[in-house]
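**Student:** Structure in structure tokens, see below.
The numbers here are math on the coordinates, done by the rules we state, and not lab data. In this text, all values refer to a predicted model and were calculated from it rather than measured experimentally. Glycine also receives a Cβ, built like all others from the backbone with ideal geometry; neighbour counts cover every protein chain displayed.
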Amino acid sequence: MEITTRSLWTMIHGMGFGALYLMACSGALVELYRRYCPQSHSAFAARKETFLGVYLAVMAVLAWITVFTGAYVIYPWYRAVPPPGTASLAAFPQRLLLSSPQTSAWHSIGMEWKEHVAWLAPICITMAAAVAIQYGRDLRNHPQLRNAVLGFVWISLLSASTAGFFGAMLNKNAPVEGGPVIHLVHGESR
Amino acid sequence: MNAHTTFAPPTSAIRPNGAGAAAILAAGIGSFLIAVFAILADQSATIKSAMIFSRATGPLSGVTTSAILAWLAVWVFLHARWRNRNLAVARVSAFALVLLILGLLLTFPPIADLF
């Protein structure tokens, strides 16, 4: 059982940071609704208010790591240009997708959208974290700020989901492969 | 934009909403700028070339770095101006959400290609 370095980085980016961010988004939305919905009369302790700020700040760090690993580690491998005369495009995912009309839209729509829309997520969640940390318990007195934060977290989830969906589909149609091979487990030969 | 503002009294127990409004509007502007810079880089060869901050990543590096720097600059500027004020946050956040949704839509290639 083995995996290439590029494939491992793609997994860390998508299934590690990206998927964790999507799950954390659901948690943030539930927590925001639970705390501030009109039916909620329970007073949260200061420690729990701090928790929300820290939770959103960790999400922001996760979102930034996700987009930076995507743009500066994996994307250069994805868009690599094959040298003239290259017979197999397997190591050049962008060119592989564009080589067939059945797959070219995965790049021209999928990757072109993903590479930009993904950046909305860290911007939105950084704002949400900053507001939660700055206002703490006082956020209870600012329903309009809370509604705006909630709206931005929803859009953050939407943009991250879009990027995640296209990332998974792109990697299914033209996997980012190559680099040194890491041997995970030596199987038994029959 | 015309946001009705009042200075919060110094003894007010409730923190003024200006700092929050600054963060929200800056995030909307930053998201919108991602789409604007991406469209500009797509339409102009000169801008596309100027946006290559990292040769490996290509124009995406300049588009995103420029938008992030602009977002942070706008945030710092608005925060300095609004932090002690109470603003009409509903209007500010509605405007910011419109910018955010425009950013989301304008990054979609079939819409971006209309320009």
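**Student:** Roughly what angle does helix A:46-69 make with the longest principal axis of chain A, taking Cα atoms, 0 to 90 degrees, to the nearest 10?
**Tutor:** Helix A:46-69 and the main axis of chain A meet at about 20 degrees.
**Student:** Quick one: B:54, A:100, fewest Cβ neighbours within 10 Å first, how do they rank? Before the final figure, lay out each step's value.
**Tutor:** On the way: B:54 15, A:100 12.
The most exposed by this proxy come first: A:100, B:54.
**Student:** Would you calculate the separation in nanometres between label points at residue B:98 and residue A:72, each defined as 7 Å from the Cα along the Cα-to-beta-carbon direction?
**Tutor:** 3.6
**Student:** Order the peptides A:171-183, B:98-110 from the highest to the lowest mean number of other Cβ atoms within 10 Å of their residues. Mind showing how you got there, number by number?
**Tutor:** Numbers: A:171-183: 15.2, B:98-110: 18.9.
The most tightly packed comes first, giving B:98-110, A:171-183.
**Student:** While we're here: Could you check the simple spin-label distance between residue A:188 and residue A:35, using points 7 Å along Cα→Cβ, in nm with one decimal?
**Tutor:** Between residue A:188 and residue A:35, the label points sit 5.4 nm apart.
**Student:** Also: Size of the dipole of the protein assembly as shown about the Cα centre, Lys and Arg at +1 and Asp and Glu at -1 on the beta carbon, nothing else charged, in debye to 20?
**Tutor:** Working: 20 positive and 10 negative charges, 170 e Å.
Its charge dipole is roughly 820 debye.
**Student:** Among all the lysines, which ones have a C-alpha under 25 Å from residue A:172's C-alpha, if same-chain residues fewer than 8 places away are not counted?
**Tutor:** In chain and number order, the partners are A:114.
**Student:** When a/c reaches 1.5 or more, the comparison of a/b and b/c decides; with that in mind, is region B:18-112 rounded, prolate or oblate per its Cα gyration tensor?
**Tutor:** Values: a/c = 3.77, a/b = 1.84, b/c = 2.05.
Judged from the Cα gyration tensor, region B:18-112 comes out oblate (a/c at least 1.5, b/c at or above a/b).
**Student:** If one takes the longest principal axis of the Cα atoms in chain B, at what angle in degrees, from 0 to 90 and to the nearest 10, does the Cα axis of helix B:18-43 lie?
**Tutor:** 10
**Student:** Let me ask another. What do you get for the angle between helix A:120-135 and the principal long axis of chain A? Use alpha-carbon atoms, 0 to 90 degrees, nearest ten.
**Tutor:** Value to nearest ten degrees: 20.
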